[in-house]
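What follows is a single structure, written as structure tokens, with notes after it.
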């Protein structure tokens, strides 16, 4: 015991004097909660680099777009950091919630199938704390049995994938017997199911009967026997119990102990590294301030925009367009492109618009673009815009790409809506991935206001919510000629506005000026421009406190310029 103490003391002094560096042969993992990843992605990576992290377990938020994770994982990959989707909840220990376990795995598999190698999740980490359930005290045997069934469901669901399937479990499962076995300890059964397991040994000292090494010896020996790697996890969270956390001692002390742990646990072949919970507590101790929103010189100016569908106008009428934009205080334009034209055909207009404070997004679309057979047209548009941006000056670049695809006007929509909708979704996923690949372009689209109850095939959420979470921003076609009341603009866009707020995604509302001789309440054609302005002012006032509402667009330039006063 005295020899061990002196080894600990000597090693600790060395780490304090020379600094701690993890062995290159082991991993160092950090857990990241979804709230922090959503708002502090760059800070997460800074903390990871500071702490020599090689693995991130990021809590999965299935409402986030694929592009959100693709961007983050791509950045992590560049730093040599593997990213795992982390999920779990005590309720996942009950078979009544087995669908949540399998849907978690299905989401990750689907995501990876549509992502490039450097933006894929390396694996999944499941953290089911079923012992927090009220049923645990009432019928522990039943909960263990159902927990076991759900773990099997997860491993079966991921068996056809290349995902590393890992788990996080507490150190004391070695005291429990696995249901349906001849006395097999539950920790052993669990370790056998996974490619790697993290053992949470929440203590703030290594030595002694209640130290980390004492708590994990059984797990390390078991993992040695069955040939499975283990990570050893600690925490910096202020739990109120000093002996389980390094919150009071701090990061330097934690790292010193983890360094000594490597000296001790390294004798076990199964020892594969360390883990700590979580980024939030590291951030607090490193004094990493949350990222401040990046403000443009204009700040968050409310969008006041329009659509220009006639590509030739950009070439032939640029001065007229800019004069009208100045008169109407337009600061945002979706502009359809003719891809047969040279880059120089558009660069002059975009540059003049930029100088006038107008943001221009390239636009394309047709109902048939929802079909997978027409996907090449989306590719042609994204390739053109990205090539254009690479060949023009900074002030002549498009800021994004916008799609207007309305397949519900096709016969196929009535014949097999579910199939066409599924094709549309796959094309949109392709579009977002292509737009964001090697560019800073925003991906956006128009969305009809009546998709509230329409499920997105294979996504488990309504189509409108899926679109809003997938795009960088969404323009909802809220075609009504009054703001308030049943059937008005706010009423028709209510659910989309709610989704946007929950998902922290920017949303724009589009209104119509084109004449509709059959249904006059969807357009301001009869009332004219002055009345439309009155309703838009009211709309902006009513939504001034909405966190992600960012303005309106008038459809379209052609009809706005000839509207009644």
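Dividing the summed -39500 (n - 2.57) terms of all DSSP H runs of n ≥ 4 by the residue count of the chain sets its mean residue ellipticity at 222 nm at -13000 deg cm²/dmol.
By DSSP, the beta bridges lying fully in the chain are antiparallel in about 5 percent of cases. The angle between the Cα long axis of helix 66-78 and the main principal axis of the chain comes to about 50°, on a 0 to 90 degree scale.
Each of residue 537 and residue 114 was given a label point 7 Å from its Cα along the Cα-to-Cβ line. The distance between the two points is 4.3 nm.
Over region 440-528, the hull volume per residue, using the convex hull of the C-alpha atoms, is 115 Å³. Over region 108-159, the ratio between the Cα radius of gyration and 2.2 N^0.38 Å evaluates to 1.55. Against the compact-protein benchmark of 2.2 N^0.38 Å, the Cα-based radius of gyration of region 23-286 scales to 0.97. Put a dot 7 Å past the Cα of residue 515, heading toward its Cβ, do the same for residue 411, and the two dots end up 3.1 nm apart. Taking the empirical scaling 2.2 N^0.38 Å for compact globular proteins as reference, region 97-186 has a Cα radius of gyration ratio of 1.24. With R₀ set to 45 Å, the beta-carbon distance separating residue 339 from residue 253 gives a calculated FRET efficiency near 0.15.
The length gained on full extension between residue 243 and residue 49, counted as 0.36 nm times the residue separation minus their Cα-Cα distance, comes to 67.1 nm.
With R₀ fixed at 22 Å, the C-beta to C-beta distance from residue 226 to residue 78 puts the FRET efficiency at about 0.05. With the simple spin-label model, which puts each label point 7 Å out from Cα in the Cβ direction, the residue 438 to residue 139 separation comes to 5.8 nm. For the chain, the longest principal axis of the C-alpha atoms and the axis of helix 344-355 are separated by about 80°. Remark: relative contact order (the chain) = 10 percent; criterion is Cα-Cα distance under 8 angstrom and separation of 6 or more residues. Rounded, prolate or oblate: which fits region 151-297, taking a ≥ b ≥ c as square roots of the Cα gyration tensor eigenvalues, rounded meaning a/c under 1.5, else prolate when a/b beats b/c? Verdict is oblate for region 151-297.
Segment residue 38..residue 355, full-extension length gain: 110.8 nm, with 0.36 nm per residue of separation and the alpha-carbon distance subtracted. Each peptide in 136-145, 30-39 receives the mean, over its residues, of other Cβ atoms within 10 Å, and ordering these scores from highest gives 30-39, 136-145. Only one item in [x] 19, 41, 28, 11, 2, 0; [y] 19, 44, 27, 10, 0; [z] 22, 54, 23, 1 matches P(r) over Cα pairs in 20 Å bins from 0, in percent derived from the coordinates shown, and that item is [y]. Dimensions of region 366-411 from C-alpha coordinates, computed as largest minus smallest value along each principal axis and given longest first, are 44, 16, 8 Å. Order of 481, 27, 99 from fewest to most other C-beta atoms within 10 Å? Ordered by Cβ neighbours within 10 Å, fewest first: 99, 27, 481.
Here region 336-424 is treated as a Stokes sphere of Kirkwood radius computed over C-alpha pairs; at 37 °C and 0.692 mPa s its diffusion coefficient rounds to 229 µm²/s. Under the definition of Cα pairs under 8 Å and six or more residues apart, what whole-number percent is the relative contact order of region 23-286? Computed over region 23-286, the figure is 18 percent. If R0 equals 41 Å, the separation of the Cβ atoms of residue 329 and residue 159 corresponds to a calculated FRET efficiency of about 0.10.
Extension gain for residue 504-residue 172 works out to 115.6 nm (0.36 nm per residue, less the C-alpha to C-alpha distance).
The numbers here are math on the coordinates, done by the rules we state, and not lab data. These figures come from a predicted structure and were not determined experimentally. We place every Cβ from the backbone using ideal geometry, glycine too, and count neighbours over all the protein chains shown.
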